[in-house]
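Comments concern the structure below.
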Amino acid sequence: MKLPMIIVHGGAGKWKDERIPVGLEQVEKAATAGFQVLDNGGSALDAAEACTVYMESCGKLNAGLGARANIDGVKELDAMIVDGSSLNFGSVAAITGIRNPVSLARYIMEKTGFSFFAGDNAKRLYEKMIAEGYRTEAEPGVVAQSSDGGAKDTVGCVVVDGQGRIAATSSTGGISKKIPGRVGDSAVMGSGAYANDVCGATATGWGEHIMRVTLSRMIVLYVEEGLDVGLAAKRGMEMFEAKTGSEAGVVVADAKGNYGFSTNAKAMPTVIIQGSIDNMTSFTCQE
Ligand code: GLY
């Protein structure tokens, strides 16, 4: 049984060897958190949000609490959530002072009639979200519990629920040495993530390069054109490398629960749970 399923990555990049097991453990916990939501009857969107909130809150990955700071020492977060069955999405860019931008992205998608907010005005929407009770805070700015630690790269997941509905997320503190106001692919529909009723994909890597080729949308298109998801992930990475010479990673899943992944980076901690919580595959995807 392939459904429901979740595929999660903890960021592709030049991981230090000793950090890889730490990252993988957090991705396993995030996948478990997401899958438990599916087990309890939650939707793909519910599970994708829960999984991503975990990664934003664990402090060990480059998102939320663990996010990399910009050159001024400020964490400016980008995040997105995509609902493949409606083609709707919510994005938040360059937001400061909160830990779980993916929840705000979902609020934007579901409650505002708009899709993409940035900076201080996105922060005002966060306050509205809490005031309306859409989500509760464990402490100011925090939708979930947390611990502290270091970071690597963007996180994301693709989830397919029992009805074949697909959701995808991306969340990040961005790249090293970014200047204030810079926004990467994680908030940009079709670049850092994409999903429709056929397939979903999420990407990790240098945002400027991922946006040039709208990497996630391209991979989903390959699947729509008939390519198997595993081959689509590989073809996407080959296209990305040929056009940009850069490093990235992708995870992909189709509506039937088939999955694929690919990276040309040193390491990308990756976890898949298919059908049952006992059916977890956990590994470090490598170039
Ligand atoms: N992929 C994350 C970023 O470039 O911001």
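The values are calculated or read from the model by the stated rules, or taken from the named source; none is laboratory data. What you see is a predicted model; the values in this text were computed from it and never measured. Ideal geometry is used to build each Cβ from the backbone, glycine not excepted, and the neighbour counts take in all protein chains shown. Ligands, DNA and RNA are excluded from the accessible area calculation, which covers all protein heavy atoms including side chains. Shrake-Rupley method; radii C 1.70, N 1.55, O 1.52, S 1.80 Å.
Quick check: is even one residue across the range 78-88 charged (D, E, K, R) and touching a residue at least 60 places away in the same chain (Cβ under 8 Å)? Walk me through how you get there before you give the answer.
Start the filter on the range 78-88 by keeping residues that are charged (D, E, K, R), which leaves 78, 83.
In the following step, the residues that additionally are touching a residue at least 60 places away in the same chain (Cβ under 8 Å) were identified as 78, 83.
So far as the range 78-88 goes, yes, one or more of its residues are charged (D, E, K, R) and touching a residue at least 60 places away in the same chain (Cβ under 8 Å).
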May I ask you to list pairs of residues, at least six apart or on different chains, whose Cβ atoms are under 8 Å apart, with the first in the range 12-28 being in contact (Cβ under 8 Å) with a residue 24 or more places away in the chain and hydrophobic (A, V, I, L, M, F, W, C) and the second being in a helix (DSSP H, G or I) and open to solvent by less than 40 Å² (accessible area, probe 1.4 Å)?
-> Trp15/Gly23; Val27/Met55
Given (1) over 17 Å from Thr172 (Cβ atoms); (2) more than 15 Å from the chain's Cα centre (by Cα), number of the condition Ala69 does not satisfy | (1)
Residues in the range 43-60: is at least one out of contact with any Ser or Thr (no Cβ under 6 Å at 6 or more places or on another chain) and within 16 Å of the ligand (Cβ to nearest atom)?
-> yes
For the range 63-105, name all the residues that are open to solvent by 20 Å² or more (accessible area, probe 1.4 Å) and hydrophobic (A, V, I, L, M, F, W, C).
-> Leu65, Ala69, Ile71, Val74, Leu87, Phe89
Name the helices (runs of 4 or more DSSP H) wholly within the range 172-269 that hold at least 2 residues that are near the ligand (Cβ under 10 Å from one of its atoms) and buried (at least 20 other Cβ atoms within 10 Å of the Cβ)?
-> 207-212
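Which one is nearest to Ile175 (Cα to Cα) among residues in the range 270-282 that are open to solvent by 50 Å² or more (accessible area, probe 1.4 Å) and of a type outside the set (S, T, N, Q)? Reasoning before the result, please.
First pass over the range 270-282, keeping only residues open to solvent by 50 Å² or more (accessible area, probe 1.4 Å): 277-281.
Checking the rest, the ones that are also of a type outside the set (S, T, N, Q) come to 277-278, 280.
Working: Ile277: 33, Asp278: 35, Met280: 30 Å.
Filtering the range 270-282 for residues that are open to solvent by 50 Å² or more (accessible area, probe 1.4 Å) and of a type outside the set (S, T, N, Q), the one nearest to Ile175 (Cα to Cα) comes out as Met280.
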Exception for Met55 within (1) open to solvent by 20 Å² or more (accessible area, probe 1.4 Å); (2) in contact with a Gly (Cβ under 9 Å, 6 or more places away or on another chain); (3) closer than 18 Å to Thr172 by Cα falls at (1)
Would you mind stating whether Gly156 is out of contact with any Leu (no Cβ under 6 Å at 6 or more places or on another chain), within 13 Å of the ligand (Cβ to nearest atom) and modelled with pLDDT of 95 or more?
-> yes
